[in-house]
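Below you'll find the structure, written out as structure tokens, and then a few comments.
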Amino acid sequence: MALSPSTLMLAVIGCVLGTAIGALPGLGPSNGVAILIPLSFSLGLDATAALVLMTAVYYGAMYGGRISSILLNIPGDEPAMMTTLDGYPMAKQGRAGDALVLSGVASFVGAFLATLGLMLLAPLLAQIAFLFGPAEYFALYLLAFCTLGGIGSSNQAKAAIAVCLGLGIAMVGVDNTTGLTRFTGGSLHLFDGIDFLVAIVGLFAVSEVFIFIESHGRDSSIGVKLEKVTIPFKQIFETRWTMLRSSVIGFVAGVLPGAGASLGSFLAYMAEKSIARDKSGFGRGEARGVAAPEAGNNSAAGGALVPMLTLGVPGSGTTAVLLALLMTLNITPGPLLFTERPEVVWGLIASLLIANVVLLVLNVPLVKVFSRVLQVPAAILLPGVTMVSFVGIYSLSGSYFDLLLMICFGVLGYFLRKMSIPTVPVILGILLGGHMEVSLRRAMVLSDGDWTYLFSSSVAIGLWVAAIAGFIAPLFLRRFLSVSAINK
Amino acid sequence: MSDRLTGLIVMVVALAFFVGATQLESPFFADPLGPKAFPMMISSVALIAGMVMVLRPDEPPQWPELVTIGRLILATIILVFYAYSLKPFGFLLSTAVAAAALSYQIKTNFINSILTGLGLSVGLFLIFKFALGLSLSAFPRGFLW
């Protein structure tokens with residue numbers, strides 16, 4: 001089954017790779033998984049093996065992100081931002097080893113509980129998913145896109161542009177219903193549409209090179225050196241309730257479409273801080289300040305898998321990349337996944353558990369080794385990443401057009417990031433644009449062109465309300481958050 | 001200023017998209033919406049969003065200085081050349097050159113860059129060919145355009 005020696009080997013390899021990738025500032029779970037998808041596809045791995053490898057990389061990268069957060073005060077990925085608040089002060093006080101092990105254990109607890117939650121919740125949710133018709137799916141996609149800007153988004157117009165860009169790109173190619181070509185400009189290469197893998201690797205990995213060149217590849221040796229690592233049992237025990245609370249908060253946050261690991265870690269940290277009797281330690285090396293966001297974001301990452309698997313709507317940016325992975329394996333998530341291919345679901349859950357255990361075991365002794373990765377100069381690393389991306393995409397299609405397209409996406413990604421236009425909605429738009437349009441058109445066919453059909457069921461109406469609320473909310477929350485941040 | 005410009009570009013592209021969509025022909029047996037509707041909806045939203053960006057711009061980002069812009073353009077050209085040169089020149093040669101050039105862009109140390117290029121090229125090739133079993137042509141196969 002999933003526990004064969006070869007699968008375990010893959011899990012270990014994935015965890016090591018993932019942690020190394022995640023530890024590097026700038027490269028996160030999204031990039032890591034994105035770069036490796038084309039490779040895993042051309043390696044001809046079967047579905048279970050690819051899933052095991054990728055989830056190991058995914059979780060490994062989440063663990064890895066902590067390393068640069070704690071040692072360098074540079075978040076290894078977006079969810080790791082909250083960890084810098086207390087992790088880096090801890091490191092400066094000479095307790096870097098403690099912080100790293102603590103974050104490892106907290107991550108494990110969060111991920112483990114989330115996987116349990118996934119096992120319990122997902123089949124339930126899959127039942128509900130049968131109530132979803134095309135109108136409800138359209139509303140669901142709308143909800144996902146409206147909330148993707150996230151609570152932290154500063155500019156909803158930019159988020160909207162990102163979504164429209166992604167959806168627009170998805171429109172390129174042959175329209176399935178009518179057989180017409182759209183927006184191909186007569187180019188044969190574009191008939192099949194734009195491959196989302198090309199877009200993902202371009203937007204995430206290649207743009208990274210440009211960003212690095214711009215920052216002149218600043219040396220990473222400003223970080224904290226790592227001394228002997230011991231396991232801080234006492235602190236682990238002290239923070240056990242923190243970890244539990246944060247895991248629950250994170251899981252719920254992750255399940256909501258659009259919200260992801262970042263929200264999970266943010267909410268968990270804020271919750272811990274507000275219920276703590278003694279708040280003075282927070283921001284200055286408080287153990288709970290490390291345990292909370294770590295448990296929170298790992299359980300949110302697990303929670304984000306719930307909508308992804310049951311409804312086919314990713315709960316976050318990284319699950320969007322996982323969705324892309326599943327699609328390359330010809331696995332369509334959704335309620336049918338549970339009935340038609342349950343072995344995939346259980347295989348995935350098993351691989352999650354395995355990856356988590358492997359990571360816990362690896363992280364404690366190897367954390368010192370992983371932190372060495374940070375010493376690799378950017379001038380070697382980034383070209384290496386680029387080459388891997390190129391080979392990955394090239395091995396898929398063998399066409400230099402796809403490579404050029406990838407470079408275009410890289411340039412586009414650079415500009416999007418400079419202009420603070422989020423890139424995740426673009427990817428999601430490309431992934432789901434086709435489905436969204438099909439749902440809408442199917443709904444219209446069913447209703448004979450009657451637009452009120454979209455609002456006919458209570459589920460649909462509820463989703464529309466949530467979508468609109470989710471889109472408008474950040475505009476008000478931003479004011480609220482900045483005011484309270486000033487007051488701190 | 002940057003925001004306003006981007007907003008303007010977005011509006012122009014959205015309009016172009018919209019016009020392109022209107023020129024799509026729907027066969028008479030198609031569904032009620034047809035292939036035009038969704039693109040038109042998307043471009044309308046994008047148009048409005050672009051207008052918002054023009055009317056309420058954010059703080060402009062820090063654009064790099066001219067030298068760095070030159071480096072970035074050079075990097076793009078290198079990547080394009082790499083894409084075109086993979087087939088005729090084979091993996092080893094084109095990767096070595098491209099990796100060295102990119103490395104030089106990030107950190108301008110001539111010898112280090114060359115070493116990086118060679119090291120990455122050979123190392124990655126070995127990994128890809130033998131550890132992962134991908135088929136890559138190592139050496140130039142002649143100029144088969």
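The values are calculated or read from the model by the stated rules, or taken from the named source; none is laboratory data. From a predicted model like this one, the values you see are computed outputs, not experimental measurements. Because the Cβ atoms are built from the backbone with ideal geometry, glycine has one as well, and the counts that use them run over all protein chains shown.
Does the stretch B:38-73 hold any residues that are more than 30 Å from A:GLY449 (Cα to Cα), within 7 Å of chain A (Cβ to nearest Cβ) and within 22 Å of the chain's Cα centre (by Cα), and which are they?
Within the stretch B:38-73, B:PRO61, B:PRO64, B:THR68, B:ARG71, B:LEU72 qualify.
From the set of residues in the stretch B:97-115 that are over 17 Å from B:ILE77 (Cα atoms) and at the interface with another protein chain (Cβ under 8 Å from one of its Cβ atoms), which is modelled with the lowest pLDDT?
B:LYS107
Quick one: in the stretch A:313-362, which of the residues that are outside any helix (DSSP H, G or I) and not β-branched (Val, Ile, Thr) is modelled with the lowest pLDDT?
In this case the residue turns out to be A:GLY315.
Might you check whether a residue that is farther than 23 Å from A:SER399 by Cα, at pLDDT 75 or above and at the interface with chain A (Cβ under 9 Å from one of its Cβ atoms) occurs anywhere in the stretch B:118-135?
yes
Can you pull out every residue in the stretch B:64-89 that is touching a residue at least 24 places away in the same chain (Cβ under 8 Å) and either of a type in the set (Val, Ile, Thr) or not assigned by TED's automatic domain parsing to the domain that holds B:GLN105 (or both)?
B:ILE78
Inspect all residues belonging to the stretch A:469-478 and state whether any of them is modelled with pLDDT of 75 or more and within 30 Å of A:ARG182 (Cα to Cα). Can you show your working first?
Initial filter on the stretch A:469-478 (modelled with pLDDT of 75 or more): A:469, A:471-472.
Among the residues that remain, those that are also within 30 Å of A:ARG182 (Cα to Cα) are: A:471.
Taking every residue of the stretch A:469-478 in turn, at least one turns out to be modelled with pLDDT of 75 or more and within 30 Å of A:ARG182 (Cα to Cα).
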